[in-house]
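Below: one structure, written as structure tokens.
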Amino acid sequence: RPMDEGTGPAGLQVDVPAIVRPEGETPDWWYRAGAAQAAARGAMHGRATNIILFVGDGMSLTTVAAARILEGQRHGGPGEENLLAWETFPHTGFSKTYNTDTQTPDSAGTMTAMATGVKTRAGVISVGQAPQRRDCVGARGVPLMSLWELAADAGLATGVVTTTRVTHATPAATFTHSADRNWENDAEMLGIPDAGACADIASQFIDTRHGRGPDVLMGGGRGSFFPAGTPDPEYADQTGLRLDGRDLVAEWRRRRPDGAYVWNARQLAQAPAGTPLLALFEPGHMQYEHDRPQDRGGEPSLAEMTGDAIRRLQALSGGRGYVLLVEGGRIDHAHHQGNAARALVDTVALSD
């Protein structure tokens, strides 16, 4: 209906009812519905030894088209005839993305769907949809098993590679469960009712009961792994963020005495081959690919991280197989900032 005169610019005012989840769409229902569709498309006819899930966060079809042209022009052509890496794959598909409580979804709910086969609310990590976001106790009662946890329990090797903080929504959904995607360290949970009953995302990567957690964990976000006051090795004006005094890197080293911890590209290149790896290249998110050459500490590219992760997981799996997530996570961040150049360059980096 037309807006009342004097209340604002001319336009329409539309009454939209609250979105209510249909009865019966439980986590079990979501999983069974997805499994039935997958089986109907031939998913039961073979067996994969290894699975690598590549996620371009925020990478719309228009982003793909523009990045294809950019890369092609960088190679001296018109651009439209170029193909990004995944455009050469033998099969392409589309899926609808939405959360149970929002039509425009976020990375927490959508990666939960990819990692567990179950749709859920926006803003929650690998937990069912019944509790409200930030309901710490409620979320503890409805954890969703992820593909990475299943793989670890079965003795397969597991890995997570991202250009975001490793505690960010997409990588977090692999091994952690949280009523709020922002609970990346314990300092973010101050003032939350019953917060003592829940663990922050960074600590869950270390404390997981599924195997020994990811065999390879690479990305940014080292601030959430060190106590407050611990100087950052790269930035003199930054320190750790944790208020509980835990040094999660030291705990990881005790848990994985055969592994290596690195924080820059030089150390990554020198890390012993075929061993577990914890690599935290920034206190926060990693640099955009456009800015990476100027990073003071020296960061590897997404392609370099992926290659290293695959070689390690091949060795660690002993032929049993592995499951790996590779996320080009900062495509989304650049779009949020209206920065097309960095979004497209990061898309090309994911293609690489």
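The values are calculated or read from the model by the stated rules, or taken from the named source; none is laboratory data. Since this is a predicted model, take the numbers as computed values, not measurements. Backbone-built Cβ (ideal geometry, glycine too); neighbour counts: all protein chains shown. Note: accessible area is taken over every heavy atom of the protein model, side chains too, but ligands, DNA and RNA are not part of it. Shrake-Rupley method; radii C 1.70, N 1.55, O 1.52, S 1.80 Å.
Descriptive notes on the structure:
- Region 131-143, subset part of a loop (DSSP other than H, G, I, E, B) and open to solvent by 20 Å² or more (accessible area, probe 1.4 Å), residue nearest to residue 28 (Cα to Cα): 142
- Residue count for region 278-326 satisfying the condition of being open to solvent by 40 Å² or more (accessible area, probe 1.4 Å), of a type in the set (Lys, Arg) and in contact (Cβ under 8 Å) with a residue 60 or more places away in the chain: 2.
- Residue in region 36-51 that is open to solvent by less than 40 Å² (accessible area, probe 1.4 Å), under 27 Å from residue 156 (Cα atoms), touching a Lys or Arg at 6+ places or on another chain (Cβ under 8 Å) and at pLDDT below 95 present: no
- All conditions but one from (1) open to solvent by 30 Å² or more (accessible area, probe 1.4 Å); (2) over 21 Å from the mean Cα position of the chain (by Cα); (3) of a type outside the set (Gly, Ala, Ser) apply to residue 263; the one that does not is (2).
- Residue that is farthest from the chain's Cα centre (by Cα), among those in region 152-167 that are on the phi < 0 side of the Ramachandran plot and surrounded by fewer than 24 Cβ atoms within 10 Å (Cβ to Cβ): 154
- Residue pairs meeting the criteria (Cβ under 9 Å; at least 6 apart or on separate chains; first in contact (Cβ under 8 Å) with a residue 40 or more places away in the chain, in region 31-52; second charged (D, E, K, R) and open to solvent by 90 Å² or more (accessible area, probe 1.4 Å)): 49/320
- Test set (1) buried (at least 24 other Cβ atoms within 10 Å of the Cβ); (2) on the phi > 0 side of the Ramachandran plot; (3) not charged (D, E, K, R) - residue 128 fails condition number: (2)
- Screening residue 249 on (1) at positive phi; (2) more than 13 Å from the chain's Cα centre (by Cα); (3) open to solvent by less than 30 Å² (accessible area, probe 1.4 Å); (4) of a type outside the set (Lys, Arg) shows it passes everything except condition (1).
- Taking region 74-119 as the range and being in contact (Cβ under 8 Å) with a residue 60 or more places away in the chain and assigned to a loop (DSSP other than H, G, I, E, B) as the test, the residues that pass are 84, 100, 101, 102, 103, 106, 117, 118, 119.
- Exclusive hit being within 25 Å of residue 288 (Cα to Cα), among the hydroxyl-bearing types (Ser, Thr, Tyr) and open to solvent by less than 30 Å² (accessible area, probe 1.4 Å), set 100, 116, 120, 63: 63
- Candidates 209, 181, filtered to the one that is free of Cβ contacts under 8 Å to residues at least 60 places away in the same chain, under 22 Å from residue 108 (Cβ atoms) and either open to solvent by less than 30 Å² (accessible area, probe 1.4 Å) or not in a helix (DSSP H, G or I) (or both): 209
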